[in-house]
């Protein structure tokens, strides 16, 4: 088990020890409803595959619920995908672990459970952390303590929320799902160079977080240097007044050959060559 999982697991155990009853019982499907506060945005992703697993192996771990507003009803804290998968199989009931927590704590537990399983995308994780920060008035330090992270880590991750919805959509379309790369994309957006960043990423010139950091170090908001060249992961990036040019190793080699031939022709035939 990773250190992250140990920390989060310990935190969840503390919550249960304080005032969660932890009763496990089988509950009818029609008595269970998904919670309106759910950190996972794509709630039904992979349901068919999960249903096949439930059909073959059964439910290996009960879903976690809390009492709903109506008498005898329950709302899901964690395990919504298992619930939907079981429902698609026509299960009349499912095994649940009931936690008696105040409403304001339910979302917190859902985030902890999902982060412990490491199955949230960086976009979902950032949205969830921001919701917790705002709804509970946490400082970055307090939020870091909650998840076993440093204050600087939380501040860095939450910097992603400074991006506009349009910029975040651009990152999603370019399939940036590495959290650290997304942090660097946010830095590029802040400097006004996100489009260049995404172009390089799409071309394969930004392969690592180090490449992204180097790009941001050399990129300043509003600055354009037509003579400045940058080399990243086998590519040569030439900044121009209107944008950038990206040259692969092959293109660089052909350019060098052309220059050599041109030089020799000038020597033999003069500038008219």
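Here are some conditions: (1) in contact (Cβ under 8 Å) with a residue 12 or more places away in the chain; (2) on the phi < 0 side of the Ramachandran plot; (3) in contact with a helix residue (DSSP H, G or I) (Cβ under 9 Å, 6 or more places away or on another chain). Residue 148 meets all but one. Which one does it not meet?
(2)
Mind counting the residues in the stretch 146-179 that are surrounded by fewer than 16 Cβ atoms within 10 Å (Cβ to Cβ) and outside any loop (DSSP other than H, G, I, E, B)?
11
Report those strands (runs of 3 or more DSSP E) wholly inside the stretch 1-89 carrying at least 2 residues which are modelled with pLDDT under 85.
Those strands (runs of 3 or more DSSP E) span 74-78.
Taking the residues in the stretch 90-120 that are modelled with pLDDT of 80 or more and touching a strand residue (DSSP E or B) at 6+ places or on another chain (Cβ under 6 Å) as candidates, determine which candidate is farthest from residue 49 (Cα to Cα).
So the first thing to find is which residues in the stretch 90-120 are modelled with pLDDT of 80 or more, and the list is 90-100.
Filter once more, keeping what is touching a strand residue (DSSP E or B) at 6+ places or on another chain (Cβ under 6 Å): 93, 95-99.
Working: 93: 20, 95: 20, 96: 21, 97: 23, 98: 26, 99: 28 Å.
This residue is 99.
Just name the residue that is modelled with the highest pLDDT out of those in the stretch 187-218 that are buried (at least 20 other Cβ atoms within 10 Å of the Cβ) and not in a helix (DSSP H, G or I).
This residue is 193.
The values are calculated or read from the model by the stated rules, or taken from the named source; none is laboratory data. From a predicted model like this one, the values you see are computed outputs, not experimental measurements. Counting neighbours? That spans all protein chains shown, and the Cβs are built from the backbone with ideal geometry, glycine included.
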